[in-house]
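Each value in this text was obtained by applying a stated rule to the coordinates, not by laboratory testing. Quick caveat: nothing in here was measured; it's all calculated off a predicted structure. Counting neighbours? That spans all protein chains shown, and the Cβs are built from the backbone with ideal geometry, glycine included.
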Ligand code: ADP
Ligand code: MG
């Protein structure tokens, strides 16, 4: 209750707005509301997902023109045109998304600029959309017989739509799909290895952001009752992005703050600056440019985190509820061959990192892969797990050829892995990082998540993550930021994350590095236990005591090739191995 208090107060104040405020402020709030809807989409797309779009204004235009055209030319009901506008926007967004989202780095924003400009000129040049003059005579919205023909009456519709977008977005982010979305920025490769289809996830947030923009356009058209291309141009697209950044690009409520600050500031500057400079002109554009640079330099996270500190409520830690365990995979019988690598070769340009590698891992054994630095062990891991596929050769997992499969498809078949250079989402909690590992064990999609209809499944996923964390000894750190753990424990977190996927084969790349003696013993104990449960483990490790005390078989690599294989005691005596490790010293 205490946690919801600021929200309740905020909504109460909002509801009173039109009753007490003069017309001017109601209008201002209407615009802030409509801009905020677009900005919320950008928070999801850019702030959280890391995909920068300058083209959102074009989607606003699609929503506005769809209803403008259909209501004036064919007298279609505005509520129906809302749906049609959303459908049109969805089709356009899907096409643009498929074309541009595969672009990486700076090419993506450039791509959004390109289609942003194209759509803008399309609006202005299509005869039936009224060219640059636009469309007039758009009908008043009616809501159960109530005419929304004043700013005051329209206000409630706008803010209801905005609050709906805020809550749906917050719910979505706080879900299995939301973790996948949050993993996009900086964790794409890891997310794929945990089974997340990152290409699909990008399309999903692109679509949601476009649909929000379209709703905003629909509202705009019926509030203004005319549309022309001006508000859907590139410079407005930049302003939307600006709102999201100033407010706090990664915070949903930041969108409101950003839209509010920018809208009010713009209004004010447009009055003030021409007086200061003694001539008319769009001086506020210069001011905004300077402001953007300041924000990016001084307050990367925008205004929201700073504001949130003023609200005297701490975000509570939700206890993880007990929930029924998730269904488990049927484990292969002990001794069955899980993994078979045949003549695997991996080249990076002229460098042969793996050459003619052969190895097998059986259920219920620990197979160690050792060798000096640069021998090609991590490369082998990446080939096996599909993170960076082999150049040639065969890899079979559970009797099925997998060397051409994507890492997420291999993960789905029951292979889990950790990374030598830990790949986790440092600002997310330990618990949520591990829950990403259980991604494939849930199936509820975006819509149930946005409406929080997936709480039962979510509880089971989080309970599983908690169980695995307790199992590896991190049970006391569930709500810590993952990045705050010492590096050794971050590696252990990765093991818990891999276990959360319920794998039958586990690939561990230097799991004991950075651990203290007792922690290493606990890790060895855990691995023995997993082995006794029938898990196959492929282990890369430099600590020879650790390896030799644990491994059932050992493969030794040097310069990308296998130089020895056998029982630990055999390998330790092999002169070739001694030569590789000690450089021939007696
Ligand atoms: P290990 O894990 O045994 O220490 P790696 O598999 O990381 O060794 O590296 C094997 C060799 O391949 C090294 O010479 C390394 O520099 C090279 N290598 C690894 N990954 C890449 C890459 N993505 N591009 C180019 N060279 C790479
Ligand atoms: Mg390595």
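To check my understanding: the extent here is largest minus smallest coordinate of the Cα atoms along each principal axis. What are those three numbers for segment 475-544, in Å, largest first?
Taking the Cα atoms of segment 475-544, the three principal extents are 32, 28, 17 Å.
Put a dot 7 Å past each Cα toward the Cβ at residue 396 and residue 297; how far apart are the dots in nm?
Taking the two extended label points, one gets 6.3 nm.
Of the listed peptides 56-64, 224-232, 29-37, 559-567, what is their order by residue-averaged count of other C-beta atoms within 10 Å, with the highest listed first?
Result, highest mean first: 56-64, 29-37, 224-232, 559-567.
Order these peptides, 385-396, 322-333, 250-261, by their mean beta-carbon neighbour count within 10 angstrom, highest first.
250-261, 385-396, 322-333
Given a Förster distance of 45 Å, report the FRET efficiency between residue 197 and residue 276 from their Cβ-Cβ distance, rounded to the nearest 0.05.
On the way: r = 53 Å, r/R0 = 1.18.
Efficiency for this residue pair is about 0.25.
Can you tell me the convex hull volume per residue for the chain, based on C-alpha atoms, in Å³ to the nearest whole number? Mind showing how you got there, number by number?
Numbers: hull volume 112.3 nm³, N = 586.
That works out to 192 Å³ per residue.
Computed FRET efficiency, Cβ-Cβ of residue 347 and residue 447, R0 45 Å: what is it to the nearest 0.05?
With a Förster radius of 45 Å, E is 0.50.
Hey, what did the chain get for relative contact order, percent, Cα under 8 Å, at least 6 apart? Don't jump to the answer; show the numbers that get you there.
Details: 1067 pairs, mean separation 97.7, N = 586.
Relative contact order, the chain: 17 percent.
If one takes the longest principal axis of the Cα atoms in the chain, at what angle in degrees, from 0 to 90 and to the nearest 10, does the Cα axis of helix 487-499 lie?
90
Normalised radius of gyration for segment 264-363, please: alpha carbon Rg relative to 2.2 N^0.38 Å, two decimal places.
Cα Rg divided by the expected 2.2 N^0.38 Å: 2.46.
Over segment 436-577, what is the relative contact order in percent, taking alpha-carbon pairs closer than 8 angstrom and at least six residues apart?
17
Compute the long axis of helix 56-74 from its Cα atoms, compare it with the longest principal axis of the Cα atoms of the chain, and write down the angle in degrees, 0 to 90, nearest 10.
Result, in degrees: 50.
Tell me, 162, 122 in order of fewest to most beta-carbon neighbours within 10 Å?
122, 162
Enter the angle in degrees (range 0 to 90, nearest 10) between the Cα long axis of helix 5-20 and the first principal axis of the Cα atoms of the chain, meaning the one along which they spread out most.
20
Using label points projected 7 Å from each Cα along Cα→Cβ, tell me how many nm separate residue 521 and residue 265, to one decimal.
5.9
With runs of 4+ DSSP H residues as the only contributors, calculate the mean residue ellipticity of the chain at 222 nm using -39,500 (n - 2.57) per run, divided by the residue total and rounded to the nearest 500.
Calculated mean residue ellipticity at 222 nm is -18000 deg cm²/dmol.
Please order 155, 220, 581, 517 by the number of other Cβ within 10 Å, starting at the fewest.
On the way: 155 22, 220 27, 581 16, 517 8.
Ascending Cβ contact count within 10 Å gives the list 517, 581, 155, 220.
Given an 8 Å cut-off on Cα distances and at least 6 residues of separation, report the relative contact order of segment 428-502 as a percent.
For segment 428-502, the relative contact order is 51 percent.
Å³ per residue of the Cα convex hull, for segment 24-310?
145
At R0 = 56 Å, how high is the FRET efficiency between residue 412 and residue 20 if r is their beta carbon distance? Nearest 0.05 is fine.
Rounded to the nearest 0.05, the efficiency is 0.50.
If you restrict to DSSP beta bridges whose two residues both lie in the chain, what percentage is antiparallel, to the nearest 5? All intermediate terms of the calculation are to be shown ahead of the outcome.
Numbers: 26 of 42 bridges.
The antiparallel fraction comes to roughly 60 percent.
Using packing as a proxy for protection, rank 484-490, 170-176 so that the peptide with the highest average count of other Cβ atoms within 10 Å comes first.
Highest-to-lowest ranking by the protection proxy: 170-176, 484-490.
Counting other beta carbons within 10 Å of each Cβ, put 423, 200, 413 in order, fewest first.
200, 413, 423
State the Cα centre-to-centre distance between segment 347-406 and segment 495-545 in whole Å.
18
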